[in-house]
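Trainee: Encoded as structure tokens, here's the structure I'll be asking about.
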Amino acid sequence: MINKPYDMVSQFISDHETVLLGAIDFEFPQGIHAIGRLDKNSEGLLLLTTNKKITKLLFNSGIRHNRTYLVKVKYQVTPENLQRLRTGLNIQIKGGLNYRTPPCDVHIVQPPGNLFPLPDPRPDYLPFTWLEITLTEGRYHQVRKMVLAAGHRCQRLIRISIENMLLGDLQPGEVKEFSEEEFFSLLKL
């Protein structure tokens with residue numbers, strides 16, 4: 001598990017000039033790859049493995065796995081918009097298809113403080129809200145599209161857990177290793 005820093009892509013090789021996972025100061029084993037992805041502007045918990053079966057078990061099996069995100073959005077979230085996020089709303093997914101998001105858990109939370117430092121030269125002069133959103137799926141940019149459909153722009157997105165695998169106080173760029181048994185247990189696989 002790594003805490004993927006902001007402005008880094010979730011891969012080790014790319015045809016584009018960008019910051020890759022290999023820039024993290026860690027000796028990764030041969031054949032390692034990310035399980036799922038976080039886009040370049042997202043941060044937080046990213047799982048890596050050399051076991052290709054885990055991706056299928058975690059993301060392509062019939063069993064739903066909780067993924068929890070801290071999300072900073074512009075403006076104050078109204079009770080009505082909070083309810084829209086909870087009950088599901090229409091977003092566009094890959095290929096321009098309309099998709100109705102399933103119900104999910106959404107709560108307004110206090111700012112996470114210095115646990116997730118990110119230099120930002122722009123002051124917070126506009127109102128904002130921090131949300132904790134737990135989904136059982138993660139379609140392409142789903143969280144960003146959900147908050148936008150509810151009338152808010154995503155300013156930060158930090159994945160803090162997948163099932164019982166918690167980011168905790170792992171700092172950006174830090175790596176935490178798990179035994180295969182513990183890894184499977186925490187992910188309920």
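The values are calculated or read from the model by the stated rules, or taken from the named source; none is laboratory data. Note that the structure is predicted; figures quoted are calculated from it, not measured. Cβ sites come from the backbone with ideal geometry, for glycine too, and all protein chains shown count toward neighbours.
Trainee: Could you check how many residues of region 76-101 are within 24 Å of Glu163 (Cα to Cα), assigned to a loop (DSSP other than H, G, I, E, B) and either of a type in the set (Ser, Thr, Tyr) or touching a His at 6+ places or on another chain (Cβ under 9 Å) (or both)?
Mentor: Residues in region 76-101 being within 24 Å of Glu163 (Cα to Cα), assigned to a loop (DSSP other than H, G, I, E, B) and either of a type in the set (Ser, Thr, Tyr) or touching a His at 6+ places or on another chain (Cβ under 9 Å) (or both): 1 in total.
Trainee: Related question: How do the pairs read when you match residues in region 125-149 that are within 17 Å of Leu58 (Cβ to Cβ) with residues anywhere that are surrounded by fewer than 19 Cβ atoms within 10 Å (Cβ to Cβ) and among the small types (Gly, Ala, Ser), using Cβ under 7 Å and keeping only pairs 6 or more apart or on different chains?
Mentor: Gly138/Gly36
Trainee: Can you tell me which of Leu21, Leu38, Leu58, Leu46 is within 18 Å of the chain's Cα centre (by Cα), without any contact (Cβ under 8 Å) to a residue 40 or more places away in the chain and within 27 Å of Ser179 (Cβ to Cβ)?
Mentor: Residue meeting the stated conditions: Leu21.
Trainee: Contact list please: Cβ distance under 8 Å, first residue in region 87-108 and under 22 Å from Glu132 (Cα atoms), second residue outside any strand (DSSP E or B) and acidic (Asp, Glu), pairs at least six apart or on different chains.
Mentor: Partner pairs satisfying both residue conditions: Pro102/Glu137.
Trainee: I would also like to ask the following. Where residues in region 52-75 are at pLDDT below 95, outside any helix (DSSP H, G or I) and polar (S, T, N, Q), which of them is surrounded by the fewest Cβ atoms within 10 Å (Cβ to Cβ)?
Mentor: This residue is Asn60.
Trainee: A further question on this structure: So which residues in region 17-51 are among the polar types (S, T, N, Q) and in a loop (DSSP other than H, G, I, E, B), if there are any at all?
Mentor: Correct list: Thr18, Gln30, Asn41, Ser42, Thr50, Asn51.
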